[in-house]
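*Asks:* Pasting a structure here, questions to come.
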Amino acid sequence: MMKTEYITAPVTALAFAGNLLLAGEGPCLHLYDVTSTKHLLEQHVLKHANIHGIRTAVGRLGADCWDVALFGQKSLQLVQIRCTESAIKREDVLVTPVNQLGDCEVHDWIWDVCWLLPRQTKGQDMRQLALALGHNTVVLWDAEAQRSIREVHCQEKCILYCAHFIGTSWSDLVLAAGTVFREVVLWKPCDQKEHQDCVSVLQRISGHQGVIFSVCYHPPTGRLCTASDDRSVRLWQVAGLQQGLDTGTAVGLPTAWQFELVFEVYGHGSRVWDVQLTQDYVISVGEDAQCIVWNMRGEIIKTFRGHKGNSIWSLAVSEQQGLVATGGGDTSTRLWELPGSGLCQTEVVGTSSTLDLPLSLGDFPRSLVSCLDHLFLVVTDQGSLFSYNTTTCQWRLVLQDPTYSSYSLLEVSAQGMVAMGSLAGTIKVFFISAPNACWETEVYDGKVLSLTWMETLKAETVSSLGHLLSCGPKGEVIWWTTQTGEEAGIAVQKTATFELPYSRQRWLTCALLSQKDSTLVCGDRRGSLHCYRKQEGDEPTQPFQTLIGIHGKTGVTSLQMYRSHVYSTGRDGHYRQFQLGATGLQLLKNNRVYKGFDWLEKLTFTKDGEVLALGFHTSNFVVWSLSANEPLLQVQCGGGHRAWGILPSTRQGALFAYIKARAIQLMKRPSISSNKRLILKDSLHGREITCLKFLGWASNNEGAQHAICATSSEDTTINIVALKHKPVSDLVVLDTIQDHISSVRCLAVCSQHATSGASQHASSPKLLFSGGGRAQLKCYRVSVSSHGDSSGGVDKVKPCYEEDGSKHQNSKTNTQQDGHPPKVSVKETCEPQGYESVNSLLDTSAGESGPGNNRTLQQESTDHSCDVPDTELTTFDGHPAVECHIEYLACHNLVERRRRKKKSGAAQIEEEEEVEIRYMALTAWQGGQVDPHAAHLFFLAAACSDGFLRLFVYDDRQRKIELFCVSDFHHHCVLSVDHFFTTTADGSTHTYVISGATDGQIAVWNVTPVLLASLSSDDITAQETRNVSLGASAEVAQPLTTEATKHQGGMDPSTKDMQAAAAPVLKMQVDSGCLRKTGASKVKMNSPDVLLESHQSGVNAISIWRVDSHHYLVASGGDDNSLQITLLSLQKDTPNKPVIVATATSSAHAAHAATITDVHIVDSCTILTASVDQRVNMWMYQLILKPTAQCHLSFLHGEFCHIADIAGLECWNDGCGEQYMAVCGHGIQLLSSAPLSS
């Protein structure tokens, strides 16, 4: 039947045991060595429950042996962990269950477990435990016999939200229980007398305004801490309780216990889940995914941020090692170093001081920059330039020039060359070490708007060329080449002149020079990128490529070259990766640091591969680690409009200087670096996983196979992951897509090339379509290859398999007939061909550009890979693994044009607004399956929340997504969609789309007339993109003005000065009774070919299976918990115009105990269903076609899953007869099964 191969889930329990960290992830126990941070072991310990608590005690065999109690829900499992060697390795750790039959179950929820001191019974030590149950009951448990010895009830019989044992023996054991009545009640189980049913409460602690989620007691200090639903943490000093615990005597009088409230603090943004105590600190974690360290005065000492999503579920503290461990809902496990441990860095805010600048009366600082690795330069209002040496802490007057008073630009190159610009258009260039040997000239009639030292591919030296760009009025940009020498001083020569395209804010902000082909890439204050090449003549050079508004309207802040790729940052909070080729920039990826980080100044790439983002979050300057997902420095400086400079590494540590209130403030911090080694397990998704799609098999150079999958989530991200379960299970995130502005609900996968039968191979990448909230649809090209592959990514060790993204595993046009999956995709090219001007512009809501591209797939080169700054080479257990390459292709947004008044009495104007529509499901297929000449087209059917079924076409040559057909037949939210193909007697292929809605109806549509009309239309073939430069006189076409207009490649609807060329209009005239026109851009389907009344409520999932050339099986699951199968038959008497009818049906009305979320027809006799009841059920179906069509459905087997809120199910096989099933929700669980048909 089915067995579990791998589970990744929220980390719900943590505990330290010497140098080991024990983590409960679902039903599995994970062991980590905290010294080396290596993962040592994973073992499945609970059958039908997740681990919610871990309690350890030193075993009988010494310090290297631990008795461990693992519990969750009503299950309890006792194991022994022993390390056979002092140097901990995977093979040296033994985990032995005490009960070989499995875990034990009690009658109520277990809140806490306490190991009691051994008792002498007949000359032997008897290990016992105390269990705190959900209705304020304590059970004395025999650890050897695995049975209950005694059960004691409290007089306060209420539901508990938490419990904590105080004491180590039964005689002094006290239970502190957090009740639903917002109290903590303390009582002693040993106080139960004969003929007494319940034990009285000794003490009550009240004060919280919400239920109590956690209670912790620290015996050495006698302090008790509570955490609550009201977001507060309370610390109590307890007198009298510890005295009884130390002496072992029973302190039975409640008046002997005195509780004094030390503090009540609020620091979390939402509920507080857990709290722990040490000698000096209180540590709390909560729903806001923060771990806060408080001192005993109630002050926040440190805040740990690094987990994604909205909860840290587990917390453990090792006071001896000075470590805090946290486990999050993002499935990650992290270690943090406590303040004062000798390992911990200073708090990220650092220490601040004011620098006294020697100024004359009335003078004040205006500009500030950092220079070399130890200087800060400051220009004053009266034109004085000062330098501050951070080593000697001394100021020095460099020069004084009244020309640069009142207004002065100041820029410094990496070699210490200083450029100054004045209000009168004068530019001065000199070395900071020799300010008198300067070059100065008047360049512009007006003021110098910007100065930029260009970054080049190769580092400059003092005697080499330096490149300076100056920008003046009317967008005139001059390229200056500086030549330096020891004797000749400095020489500056005018190299070329360029002109920026017209915009309201027409000046340069950053630039980059490619020495390979002398391409100049410039970013301006408008948020656009421009590519230039130097031309002969006196006329200013126009850009040969312009990406208008690629960073919105607020400006590009930096351009950098890293690993042969260009990275741009902007004040829209995004950083983008480009490939720079002969035609200019090709957008590869778009990323965002985090929500609210809207002013991204630059990226810094460290030597150890870490990527740091520098920018501003509201009024704070922030240095953020992209790999550790945490801030390394925070300075409340007032915002990004202030003059500032940073020296990340000096003798004094990291220094940040800024001007505030006409004074220079200096912030010091020992260093800026994150501790990547403290991430024991990295995060997967911050919120629920909504969809999982199998992309194919990949093999590394060692021959290990990996299942490559794409996952989408409510956290707006898409991950490409590699799953390996033999010989050791592991999951690694290869790459992440962060383009969506809302949750990603659905994915669809389609092979790049139209192939059929056994000829499918691994040479082509996959197209990945994603849809979600805000009516956003995106397309990417995803390819996977083994590291070090020299043949374009083809694996030389072991063949790599792939499967088509569709579910039709036996359809001739979708998958092979021999049962073996085709190979996985390999490295794909990204470099564009030919000069072009971008007509697919920015979607400011999503924050990325979609450059137009008219080349065919065969024109793409294969000489590079698409590296990303925050993605490293993926390894599994030290073995070389696989690389993932993602290329952004296109974006589509639905908008509405509405007339509204801007002001009272003003004329009405038309504005485009985004449509609040969510794509619920997607299905995609190749155009080559419809027409062999349409291999560059890919069709997409989308189920929409507004009751529409929409059909799109993606043109891979033009990289555009077009909406060409709609249907509002359902009038209810469409939840599911799929497609299949039929072949008539004359050999023609017909395409059918099947959709299910919340009204329980399933509609089958023959969309062949629509597809053929779109293929035969002259307008569907897009015109060649014109190779023109968008200058000041460029003609800009207007967008479509239909009632629902789309954005191609990320068009900004609110930007009137950069509208792209209008997409071609589809003028379809189809002779079909089910079609009619709806405006100029799309047609409408009126009624389906077949309508099935299948369910009482929503149809969440549909799966199609091709029985033979005339019969197709439809399986559906819905909100009514039922599974239904329907046999569709193709009428033989209409060979050229197929007619499909439903001939037989069968159903299981209570297939699950809750909503069915996904259905898959696996083979010719097996169906799999998944439900939010956390079960995957296997069903057998039987079809009888003659003389009368019949279908029968029977239950075979059910498997409990440890993933909560199952949202999707994906199936694939390994080509060797083994079937794999993956369920996703709050985590991923991989199951395997031998096919039933075999």
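*Asks:* Scan region 149-167 for residues that are open to solvent by 50 Å² or more (accessible area, probe 1.4 Å) and of a type outside the set (Phe, Trp, Tyr) and jot them down.
*Replies:* Across region 149-167, the qualifying residues are ILE149, ARG150, GLU151, HIS153, GLN155, LYS157, ILE159.
Table: residues versus (1) open to solvent by less than 10 Å² (accessible area, probe 1.4 Å); (2) of a type in the set (Val, Ile, Thr); (3) farther than 17 Å from LEU94 by Cβ.
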{"site": "PRO27", "(1), (2), (3)": "yes, no, yes"}
{"site": "GLU42", "(1), (2), (3)": "no, no, no"}
{"site": "GLY53", "(1), (2), (3)": "yes, no, yes"}
{"site": "ARG60", "(1), (2), (3)": "no, no, no"}
{"site": "CYS65", "(1), (2), (3)": "yes, no, no"}
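*Asks:* Right, next: Across region 1110-1164, what is the number of residues that are under 21 Å from LYS1186 (Cα atoms) and in contact with a Pro (Cβ under 9 Å, 6 or more places away or on another chain)?
*Replies:* Adding up the residues that qualify gives 3.
*Asks:* If you take the residues of region 320-338 that are in contact with a Phe, Trp or Tyr (Cβ under 9 Å, 6 or more places away or on another chain) and assigned to a loop (DSSP other than H, G, I, E, B), which of them is least open to solvent (accessible area, probe 1.4 Å)?
*Replies:* Only one residue fits best here, namely LEU338.
*Asks:* Right, something else. For region 1096-1131: of the residues being in contact with a Gly (Cβ under 7 Å, 6 or more places away or on another chain), small (Gly, Ala, Ser) and not in a strand (DSSP E or B), which is least open to solvent (accessible area, probe 1.4 Å)?
*Replies:* GLY1098
*Asks:* In region 211-231, what residues are assigned to a loop (DSSP other than H, G, I, E, B) and in contact with a Phe, Trp or Tyr (Cβ under 9 Å, 6 or more places away or on another chain)?
*Replies:* Passing the criteria: VAL211, ASP229, ASP230, ARG231.
*Asks:* Since HIS208 meets every condition but one in (1) open to solvent by 40 Å² or more (accessible area, probe 1.4 Å); (2) under 16 Å from VAL262 (Cα atoms); (3) part of a loop (DSSP other than H, G, I, E, B), which condition does it not meet?
*Replies:* (1)
One line per residue, one yes/no per condition, for (1) closer than 27 Å to LEU678 by Cβ; (2) outside any strand (DSSP E or B); (3) aliphatic (A, V, I, L, M); (4) in contact (Cβ under 8 Å) with a residue 24 or more places away in the chain:
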residue: MET561; (1), (2), (3), (4): no, no, yes, yes
residue: SER568; (1), (2), (3), (4): no, no, no, yes
residue: TYR575; (1), (2), (3), (4): yes, no, no, yes
residue: LEU588; (1), (2), (3), (4): no, no, yes, yes
residue: LYS602; (1), (2), (3), (4): yes, no, no, yes
residue: GLN634; (1), (2), (3), (4): yes, no, no, yes
residue: LEU647; (1), (2), (3), (4): yes, no, yes, yes
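*Asks:* Just give me the residues in region 1154-1203 being under 32 Å from the mean Cα position of the chain (by Cα), aliphatic (A, V, I, L, M) and not in a strand (DSSP E or B), in sequence order.
*Replies:* Across region 1154-1203, the qualifying residues are ALA1154, VAL1162, VAL1172, ILE1203.
*Asks:* Determine whether SER370 is open to solvent by 10 Å² or more (accessible area, probe 1.4 Å) and either of a type outside the set (A, V, I, L, M, F, W, C) or modelled with pLDDT of 95 or more (or both).
*Replies:* It is true that SER370 is open to solvent by 10 Å² or more (accessible area, probe 1.4 Å) and either of a type outside the set (A, V, I, L, M, F, W, C) or modelled with pLDDT of 95 or more (or both).
*Asks:* Report, by residue number, each residue of region 581-618 that is of a type in the set (A, V, I, L, M, F, W, C) and open to solvent by less than 30 Å² (accessible area, probe 1.4 Å).
*Replies:* Scanning region 581-618 gives LEU585, LEU587, LEU588, VAL593, PHE597, LEU600, LEU603, VAL611, LEU612, ALA613, LEU614, PHE616.
*Asks:* Here's a follow-up. Kindly check whether there is at least one residue in region 333-348 that is closer than 25 Å to HIS641 by Cα and not acidic (Asp, Glu).
*Replies:* Yes, some residue in region 333-348 is closer than 25 Å to HIS641 by Cα and not acidic (Asp, Glu).
*Asks:* Same structure again: Of the residues in region 282-314, how many are part of a strand (DSSP E or B) and open to solvent by less than 40 Å² (accessible area, probe 1.4 Å)?
*Replies:* Matching residues across region 282-314 total 16.
*Asks:* Quickly run through region 726-784 and pick out the residues that are among the polar types (S, T, N, Q), modelled with pLDDT under 90 and more than 18 Å from LYS693 (Cα to Cα).
*Replies:* Matches in region 726-784: SER729, THR755, SER756, SER759, GLN760, SER763.
*Asks:* Quick check on my filter: what residues within region 139-176 are of a type in the set (A, V, I, L, M) and modelled with pLDDT of 90 or more?
*Replies:* Hits for region 139-176 are VAL139, LEU140, ILE149, VAL152, ILE159, LEU160, ALA163, ILE166, LEU173, VAL174, LEU175, ALA176.
*Asks:* Do we have any residue at all in region 545-553 that's crowded, with 24+ Cβ neighbours inside 10 Å, at positive phi and touching a residue at least 40 places away in the same chain (Cβ under 8 Å)?
*Replies:* Yes, region 545-553 contains a residue that is crowded, with 24+ Cβ neighbours inside 10 Å, at positive phi and touching a residue at least 40 places away in the same chain (Cβ under 8 Å).
*Asks:* Taking the options LEU357, LEU368, LEU361, LEU399, name whichever one is over 42 Å from the mean Cα position of the chain (by Cα) and assigned to a strand (DSSP E or B).
*Replies:* Residue meeting the stated conditions: LEU399.
*Asks:* Looking only at region 407-426, filter to residues that are surrounded by fewer than 19 Cβ atoms within 10 Å (Cβ to Cβ) and touching a Leu at 6+ places or on another chain (Cβ under 6 Å); which one of those is nearest to ARG642 (Cα to Cα)?
*Replies:* Checking each candidate, the answer is TYR407.
*Asks:* Could you check how many residues of region 941-997 are under 27 Å from TYR888 (Cβ atoms), open to solvent by 20 Å² or more (accessible area, probe 1.4 Å) and part of a loop (DSSP other than H, G, I, E, B)?
*Replies:* 4
*Asks:* Considering (1) in contact with a Gly (Cβ under 9 Å, 6 or more places away or on another chain); (2) surrounded by fewer than 19 Cβ atoms within 10 Å (Cβ to Cβ), say which one GLN1182 fails and leave the rest.
*Replies:* The failed condition is (1).
*Asks:* Just the residues that are under 21 Å from ILE54 (Cβ atoms) and assigned to a strand (DSSP E or B), please, taken from region 153-190.
*Replies:* Once the filter is applied, which keeps residues that are under 21 Å from ILE54 (Cβ atoms) and assigned to a strand (DSSP E or B), region 153-190 yields LEU160, TYR161, CYS162, ALA163, HIS164, PHE165, ILE166, LEU175, ALA176, ALA177, GLY178.
*Asks:* Further, regarding this structure: Report whether or not ILE672 is touching a Pro at 6+ places or on another chain (Cβ under 7 Å) and crowded, with 22+ Cβ neighbours inside 10 Å.
*Replies:* For ILE672, the condition - touching a Pro at 6+ places or on another chain (Cβ under 7 Å) and crowded, with 22+ Cβ neighbours inside 10 Å - is met.
The values are calculated or read from the model by the stated rules, or taken from the named source; none is laboratory data. Nothing here was measured: the structure is a model prediction, and the numbers come from that model. Every residue, glycine as well, gets a Cβ built from its backbone with ideal geometry; the counts of neighbours run over all protein chains shown. The protein model used for the area step is the full one, side chains on, heavy atoms only, and it has no ligands, DNA or RNA in it. Shrake-Rupley method; radii C 1.70, N 1.55, O 1.52, S 1.80 Å.
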